[in-house]
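S.K.: Quick one: this structure, given as structure tokens, is what I'll be asking you about.
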């Protein structure tokens, strides 16, 4: 049976766009796409940005539904949500055009 996909409303789309509307968050999305399961500390080191700053950006990406947090003891691994993966594809389309 074919699944019927509902079209997103403008308000729903706004949530994703606002979530990614920052150069640091775009960098984080692209990095998580390359290294699924990357930890916050490793993101901060790779981007040479303060840990607390990265944590706040990740919180916003999670809130927007673009990144998932996977708790592993005291560590938290970041992965892209299905929408996060689509958003990265969208970003990469613009990067290469």
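The values are calculated or read from the model by the stated rules, or taken from the named source; none is laboratory data. A quick note: this is a predicted structure, and the numbers were derived from the prediction, not measured. We place every Cβ from the backbone using ideal geometry, glycine too, and count neighbours over all the protein chains shown.
S.K.: Which residues, taken from region 71-97, are modelled with pLDDT of 95 or more and touching a strand residue (DSSP E or B) at 6+ places or on another chain (Cβ under 7 Å)?
M.R.: 77, 78, 79, 80, 81, 84, 88
S.K.: I've got another one for you. If a residue has to be touching a residue at least 40 places away in the same chain (Cβ under 8 Å) and part of a strand (DSSP E or B) to count, how many in region 51-85 make the cut?
M.R.: So the count comes out to 4.
S.K.: Separate question: Can you name the condition, by its number, that residue 51 falls short on among (1) within 20 Å of residue 14 (Cβ to Cβ); (2) in contact with a helix residue (DSSP H, G or I) (Cβ under 6 Å, 6 or more places away or on another chain); (3) loosely packed, with under 15 Cβ neighbours inside 10 Å?
M.R.: Unmet for residue 51, out of (1) within 20 Å of residue 14 (Cβ to Cβ); (2) in contact with a helix residue (DSSP H, G or I) (Cβ under 6 Å, 6 or more places away or on another chain); (3) loosely packed, with under 15 Cβ neighbours inside 10 Å: (1).
S.K.: Would you point out which residue out of 37, 19 is over 18 Å from residue 92 (Cα atoms) and surrounded by 12 or more Cβ atoms within 10 Å (Cβ to Cβ)?
M.R.: None of the other options fit; the residue is 37.
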